[in-house]
Structures are given as structure tokens and as C-alpha cells.
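The values are calculated or read from the model by the stated rules, or taken from the named source; none is laboratory data. Please read these numbers as outputs of a predicted model, since none were measured by experiment. Cβ atoms come from the backbone with ideal geometry, glycine included; neighbour counts cover every protein chain shown.
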Amino acid sequence: MSAYLEIKELFESAKAEEYLGEDITLVEHMIQCAENAQADGAQDWLIIAALLHDIGHLLVPDAASAQDSGIDMHHDDVGAEWISKRFPNNIVQAVRLHVDAKKYLVATDSDYFHQLSEASQITLDIQGGVFSESEATDFIQQQYAHEAVLLRKWDDAGKVRGAAKTDISDYEDLINEVALD
């Protein structure tokens, strides 16, 4: 099965209807993130990273219960692992680093925490909390960290119910262009 068909199947799954504590579906959120990346003129690979950044939530059994219990299911790592079998490393790393990008932004921008949704503020603690100064320095020096920061900002802006103008089928050609298969 092609990467696009696998993604389409996941996006159409029943699990895709819930986005842990946000007033939007997970699929609509991910599509809005891709739309935000496109609107900013991002490269194709980064648009796909934005589209897939939270796919790990669809792959984790009972993600909602885990989050409600304060357990980090590491959707960033789960998603990156799944993506690594289908897409190049730049997409994998941007997805893997998008949670750490939140920790970095809170550590380096005094206004950023207050821009986060309530759910993102709660998950920040579940995901290990704010980076120290040295952790922030180490993070931003990693390859693809700057792209992960951009992705994180699109993530934060992509939480408006009913705002998505596209659907997964609009990304089929782009997915097929950047996929490994």
C-alpha cells in the first residue's frame, strides 16, 4: 500500500475524530498545520511534516486515556518511527523534534507559554516541562531544529474548528512526490 493510502486510511479512521483536549479534530488540526506551512511558503517536505506531525496520536492505542492519566505516550517518537519507513529523514526529524520545539520556545520566549492552548500547556508538563538554558541551547543546535520550531508555530496556529479549507486528498500528489516508495 502506498504511503498516501496508509495516511488516508489513518486520517479516515474513527480515532482521527479526537484531538486530546482541543476543540478540533486531530485530522482537521493536522490539515490546518499543512495549510499554515503552505501559506508561509514552506518547502514541500516541511508541508508534509506539518501534515503528519501528530500522526503518532493515531498510532497510540487509547491516547486519550493515557493523556488523561498524565502519561506521555511519546506521539512524536511513535510518529517519527512510522514516518521513517515511508519518508526521508528531514520529515522524520522535524516530526520527532516538534514537542521539544515547544519546550524550547517556552524556555526562550517569555510570551510563548501564554500563546499555547490550555491543552498544550497541560501536555507541556506531561512531556517533561520547559527546557533549561543548556537544554534549549543543545536543542536549537540540532539539525532540523529550526524547521521544528516553524512546525511548532504552525501547530499552535492550527487549532481553529472549521478553518481547514483542504482535505487529505489535496495532498496526495505532494505525499507521493516526497515519499520514499
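A few points about this structure:
- Evaluation of V149 against the conditions (1) in a helix (DSSP H, G or I); (2) free of Cβ contacts under 8 Å to residues at least 60 places away in the same chain; (3) surrounded by fewer than 19 Cβ atoms within 10 Å (Cβ to Cβ) shows that the sole unmet condition is (3).
- Residue in the range 160-176 that is touching a residue at least 40 places away in the same chain (Cβ under 8 Å), under 17 Å from the mean Cα position of the chain (by Cα) and at positive phi present: no
- The set of residues in the range 109-146 that are exposed (fewer than 13 other Cβ atoms within 10 Å of the Cβ) and under 22 Å from L46 (Cβ atoms) comprises D109, Q141, Q143.
- Scanning the range 164-177 for residues that are surrounded by 15 or more Cβ atoms within 10 Å (Cβ to Cβ) and either hydroxyl-bearing (S, T, Y) or assigned to a loop (DSSP other than H, G, I, E, B) (or both) returns A164, Y171.
- Residue in the range 97-120 that is closer than 22 Å to F11 by Cβ and charged (D, E, K, R) present: no
- Residues of the range 74-133 that are aliphatic (A, V, I, L, M), out of contact with any Gly (no Cβ under 8 Å at 6 or more places or on another chain) and touching a residue at least 40 places away in the same chain (Cβ under 8 Å): I91, A94, L97, A101, L105, L116.
- Residue that is nearest to E135 (Cα to Cα), among those in the range 55-100 that are outside any loop (DSSP other than H, G, I, E, B) and at pLDDT below 85: Q67
- The range 152-163, subset part of a loop (DSSP other than H, G, I, E, B) and among the small types (G, A, S), residue nearest to L97 (Cα to Cα): G158
- Taking the criterion of being in a loop (DSSP other than H, G, I, E, B) and touching a helix residue (DSSP H, G or I) at 6+ places or on another chain (Cβ under 8 Å), the residues of the range 38-54 that qualify are D40, A42, H53, D54.
- Scanning the range 113-146 for residues that are aromatic (F, W, Y) and part of a helix (DSSP H, G or I) gives F113, F139.
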